[in-house]
Amino acid sequence: MLLTTRLKTATGQLHRAAERHPFVSSMLGGRLSSAQYVRYLQQLLPVYQTLDRLSQEHIAPKLASWSEWDLPRAQAIASDLMHFGHTPAPVDSGATSAYVEQIRASADRYRLGVVAHFYTRYLGDLAGGQMIGRAVASAFDLHDENGVRFYRFAAAQAQHPTMVQIKQELDRLALTATQIDFLEHEAQRSFESSIALFDSI
Ligand code: HEM
């Protein structure tokens with residue numbers, strides 16, 4: 001089975017749990033205060049600072065189309081925080097530090113270990129993230145990309161084809177069966193950490 005099919009199957013149940021999380025429902029229903037939304041972005045900032053850096057370092061050299069996808073998100077999150085009137089300083093809650101540590105440890109295990117987090121976060125942002133972005137724009141009355149850059153990718157008009165291309169390139173990575181087993185488990189943990197982050201707000 002292809003790597004991304006394995007990851008999708010292994011995380012299906014957790015994906016449903018993430019989608020149905022009360023924090024996500026509040027975000028989709030426009031019921032979050034701006035203080036809660038800012039806290040969410042502040043917690044995501046260190047997660048993406050780590051993920052962006054390790055993806056650039058370890059995964060990007062193995063993916064032919066990396067530079068076309070515009071995946072790193074930390075700068076966009078920092079810009080959104082400034083739009084909401086906050087200095088883009090990362091805030092470390094317990095959930096955030098644990099997530100950051102988990103991403104670091106996955107890359108220490110072996111260089112492509114971070115693929116599990118790459119999959120969970122960037123593909124999530126390209127997919128369900130787009131629905132969240134529209135809900136956030138409507139809730140906070142944002143009419144252009146200011147405040148919602150987190151959800152804007154250069155390939156915004158072609159999210160689905162971009163996701164297909166990303167998956168094809170991930171599926172071509174040279175990985176052993178043991179490494180794929182690890183990635184499957186790690187992707188589940190990445191969803192669990194995302195859910196723990198929602199719990200903490
Ligand atoms: C508002 C909540 C969410 C909704 C409505 C949602 C919806 C979706 C949809 C419709 C897809 C399929 C897109 C496609 O195949 O073209 C998808 C894929 C995905 N989502 Fe979500 N999602 C949500 C939250 C999340 C969260 C919180 C995460 C992770 C932290 C996440 C991670 C993913 C991943 C990794 C995929 C790719 C699955 C695959 O095809 O392998 N999603 N999501």
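The values are calculated or read from the model by the stated rules, or taken from the named source; none is laboratory data. Just so you know, these numbers come straight off a predicted model, no measurement behind them. Note that each Cβ is placed from the backbone with ideal geometry, even for glycine, and that neighbours are counted across all protein chains shown.
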Consider T176 carefully, then state whether it is out of contact with any strand residue (DSSP E or B) (no Cβ under 9 Å at 6 or more places or on another chain), within 14 Å of the ligand (Cβ to nearest atom) and hydroxyl-bearing (S, T, Y).
no
So L183 passes all but one of these: (1) within 21 Å of A107 (Cα to Cα); (2) of a type in the set (A, V, I, L, M, F, W, C); (3) not in a helix (DSSP H, G or I). Which condition number does it fail?
(3)
Among the residues of the stretch 1-30 satisfying the criterion of being in contact (Cβ under 8 Å) with a residue 12 or more places away in the chain and not in a helix (DSSP H, G or I), which is nearest to A95 (Cα to Cα)?
H21
Mind listing just one residue for me: the one in the stretch 95-151 that is of a type in the set (D, E, K, R) and part of a loop (DSSP other than H, G, I, E, B) and, of those, farthest from the ligand (Cβ to nearest atom)?
D144
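A quick yes/no check of all residues on (1) modelled with pLDDT of 95 or more; (2) surrounded by fewer than 18 Cβ atoms within 10 Å (Cβ to Cβ):
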residue	(1), (2)
S33	yes, yes
L41	yes, no
P46	yes, no
T50	yes, no
R53	yes, yes
L63	yes, no
A78	yes, no
D92	no, yes
S106	yes, no
Evaluate the stretch 174-191: report whether one residue or more is out of contact with any Lys or Arg (no Cβ under 9 Å at 6 or more places or on another chain) and under 20 Å from I77 (Cβ atoms).
yes
Which condition does L28 not pass, out of (1) more than 10 Å from the ligand (Cβ to nearest atom); (2) closer than 20 Å to A139 by Cα; (3) buried (at least 16 other Cβ atoms within 10 Å of the Cβ), if it passes all the others?
(1)
Scan S194, S138 and give me the residue that is small (G, A, S), over 17 Å from T5 (Cβ atoms) and surrounded by 18 or more Cβ atoms within 10 Å (Cβ to Cβ).
S194
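For (1) within 17 Å of the chain's Cα centre (by Cα); (2) within 23 Å of V136 (Cβ to Cβ); (3) of a type in the set (S, T, N, Q), each residue gets a yes or a no:
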| site | (1), (2), (3) |
| --- | --- |
| A74 | yes, yes, no |
| S79 | yes, yes, yes |
| H83 | no, yes, no |
| A95 | yes, yes, no |
| Q102 | yes, no, yes |
| S106 | yes, no, yes |
| R109 | no, no, no |
| V115 | yes, no, no |
| L123 | yes, yes, no |
List every residue pair whose Cβ atoms lie under 7 Å apart, where the two residues are 6 or more positions apart in sequence or sit on different chains, the first residue falls within the stretch 129-142 and is farther than 20 Å from L71 by Cβ, and the second residue, located anywhere, is part of a helix (DSSP H, G or I).
A135/M27; A135/L28; F140/S34
